[in-house]
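Derivation of every value follows stated rules applied to the coordinates shown; laboratory data play no part. Every value quoted in this text rests on a predicted model; they were computed, and no experiment measured them. Backbone-built Cβ (ideal geometry, glycine too); neighbour counts: all protein chains shown.
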Amino acid sequence: MIRAILLLLSIALPARAEEIVADLSQDRVSISTSFDGSEILIFGAIRRDAPRNFDTKMAILITVAGPREDVAVRRKDRVMGIWVNADSVEMEGVPSFYAVASSRPIAEALSPEEDLRWRITTRRALSAPGGARMARKDPDFLNALVRVNTDAGAYTTSEDAVDLREGTLFSTKIALPAALTEGNYTTRIYLTQDGRVTDSYATALYVQKVGLERWLYVLAHEQPLIYGCLSLFIAVAAGWGASAIFRYTRL
Amino acid sequence: MQIYLPIAEVSVNAFLILGLGGLVGILSGMFGVGGGFLLTPLLFMIGIPPAVAVATGTNQIVASSISGVLAHFRRRTVDLRMGTVLLIGGLLGAAIGVQVFSVLRDLGQVDLLVNLCYVLFLAVIGGLMFVESLNAIRRARAAGPAARTVRRQRNWIHALPFKMKFRASGLYISVIPPLAVGLLVGVLAAIMGVGGGFIMVPAMIYLLGMPTKVVIGTSLFQIIFVTAFTTLLHAMTNYTVDMVLAVLLLVGGVIGAQFGTRIGTRLKAEQLRILLATMVLLMCGKLALDLLLEPSELYSIGVGGPG
């Protein structure tokens, strides 16, 4: 659906000299019981109406953004000798996952002004208008958010990770961590010339729990009493079962 | 083998969880503690979100306690009458504790309070038990087996009204102290997210003067109901009970509890107590260090909203 709209949009735009044509190796990621992270291959080509202009430095930037959520970033401070959460900033619309990959170092591939406009790098994606809304502007807390999420593997930036061949074919692999949140992920591909974005392309990736995972999740949220009783029943049965088995084996 | 947990939304190693469940099960069977005070922090350490760890931990404690209590029933080391009195106090206390918890959450700083509670209680109980058990062992060594006769002191507890006979414990005391102990444990259990065995066991031994052998079975009996109540509450209000995690934990836990009970009956009461005291003190030390030392990352990310 989203893809169809985007396709229509791209047709409606005036013809450009260079255009991105791309796809994902899969448009659906299923989280089953044995899910241990996944990898998606993003590949495509640049369609040209005219011969390639070799005077400009071209680059491909690819971002994958997870569903947005509201978080509170807290800072510990020393109060009477012990470390306690003293200060916190609420942030709305923070992506649960954000990956950036580029075909050359980001400093070369993208000018700061264009980054500000298109919100491509992690910092910009979070702080620019339309990104995360902070209850209070404080760069320390924003830096901390990026740092903690990067350490946890939820935010990644991989420069030179996009393989660009003959200035036409490109591909990259984005690793999705094992601790993945359900929802719609947006993949965006940008083509830049001398740091200026000349074309972009977006597509969606659906991450969904399947089978037992889905069933348990739905039950827990829609029938919490039944779910709670079922949990207790399993606990009682397991406790009694183990006791009975041990009695028999011991005799 | 990695397994994705549907509620916690993280992928974990199944054998690691089985092992954790087993370890806590052994402790549960040996000492009559639910093991929550060890399990919950251990689950945090392997990356389970705190809310899920607390809620699922209580479910696991139900299973290991049942496994343990059945073994004690066969050995006739459960004082049902005392257990019921404690339970009445416990459920009342848990209901109060949940209210206190939500008031504290509105004030912020609930994490700090929980940690301080842990450090304080673990230190006092662990310290008391350790010193007492050491003295008991020393006395036994110095005087030989003859000095091991139990001499129960008559104190203010015996002066209270509403006396009741607790045959299995060999006690004839007022119901007020056990009710109060149950109430206190219920409040603390709801605030700290544990079964409360590590508080109740020493309270039963030192405050009520119950024999150690009966204390463990009776404590397990009471813990089953308090944790079952808490599990239901968590499942219905926070949706944080992870069944897959719970099943893994309790498979390890129920087996561990059986072994634990067997080990427990072979050890002497003083040895049992000194072991439990050491463990309580170790956990207390770890939590105290976390509060006192500067953390390497000052910032943390939590879910939005107050609290």
### Summary
When chain B is treated as a Gaussian network with springs between alpha carbons less than 10 Å apart, the largest mean-square fluctuation among B:G19, B:G97, B:G252 is found at B:G19
### Query
How many nm is it between the label spots at B:N238 and B:R76, if each spot is 7 Å from the Cα in line with the beta carbon?
4.2 nm
#### Entry: Which listed pairs, of A:K57/A:K209; B:K165/B:K286; A:K57/A:K173; B:K165/B:K268; B:K163/B:K213, have C-alpha distances above 32 Å, in listed order
A:K57/A:K209; B:K165/B:K286
### Summary
For A:G167, the net charge from surrounding residues (Cβ-Cβ under 13 Å; K, R +1; D, E -1) works out to +2
### Task
Over the whole of B:269-277, what's the average partner chain Cβ count within 10 Å per residue? Rounded to a whole number, please.
0
### Message
Show me the three semi-axes of the equivalent ellipsoid for region A:210-251, from the C-alpha gyration tensor (sqrt of 5 times each eigenvalue), largest first, rounded to whole Å.
### Response
31, 12, 4
### Query
Could you work out the helix-only [θ] at 222 nm for chain B, with each DSSP H run of four or more residues adding -39,500 (n - 2.57) and the total divided by the number of residues, to the nearest 500 deg cm²/dmol?
-24000 deg cm²/dmol
### Query
Using a basic spin-label model with each label point 7 Å from the Cα along Cα→Cβ, how many nm lie between A:N184 and A:S30?
2.2 nm
### Task
Using only Cα atoms, find the angle between the long axis of helix A:224-250 and the longest principal axis of chain A, and express it within 0 to 90 degrees, rounded to the nearest 10.
60 degrees
### Query
How would you rank A:F35, A:F246, B:F37, A:F54, going from fewest to most other Cβ atoms within 10 Å of each one's own Cβ?
A:F54, A:F246, A:F35, B:F37
### A:E159-B:Q2 pseudo-label distance in nm [points 7 Å out on the Cα-to-Cβ vector]
2.8 nm
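Sort B:L27, B:L92 by Cβ crowding within 10 Å, fewest neighbours at the top.
Sorted ascending by nearby Cβ count, the order is B:L92, B:L27.
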#### Entry: Percent antiparallel among DSSP beta bridges (both partners in region A:2-209, rounded to 5)
85 percent
### Query
Which FRET efficiency, nearest 0.05, do B:L207 and B:V100 yield, Cβ-Cβ r, R0 22 Å?
0.50
### Query
With the radius of gyration and the Kirkwood radius both derived from the Cα set of region A:84-216, what is their ratio Rg to Rh?
1.00
### Query
What FRET efficiency do you get for B:K163 and B:V131 if R0 is 25 Å and r is their Cβ-Cβ distance, rounded to the nearest 0.05?
0.20
#### Entry: Within a Gaussian network of chain A (alpha carbon springs, distance under 10 Å), most fluctuating of A:A17, A:A220, A:A125
A:A220
## Note on the structure
For chain A, the longest principal axis of the Cα atoms and the Cα long axis of helix A:2-12 enclose an angle in degrees, to the nearest 10, of 10 degrees
### Query
Ranking A:R124, A:R47 by Cβ neighbours within 10 Å, fewest first, what do you get?
A:R47, A:R124
### Query
About its Cα centre, how strong a charge dipole does region A:2-209 have in debye, to the nearest 20, once Lys and Arg get +1 and Asp and Glu get -1 at the Cβ?
300 debye
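FRET efficiency for A:Q223 and B:A140, Cβ-Cβ distance as r, R0 = 60 Å, nearest 0.05?
Values: r = 56 Å, r/R0 = 0.93.
With R0 = 60 Å, the Cβ-Cβ based efficiency is 0.60.
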### Query
When chain A is treated as a GNM, springs tying every alpha-carbon pair under 10 Å, which of A:N143, A:N53, A:N184 comes out with the largest mean-square fluctuation?
A:N53
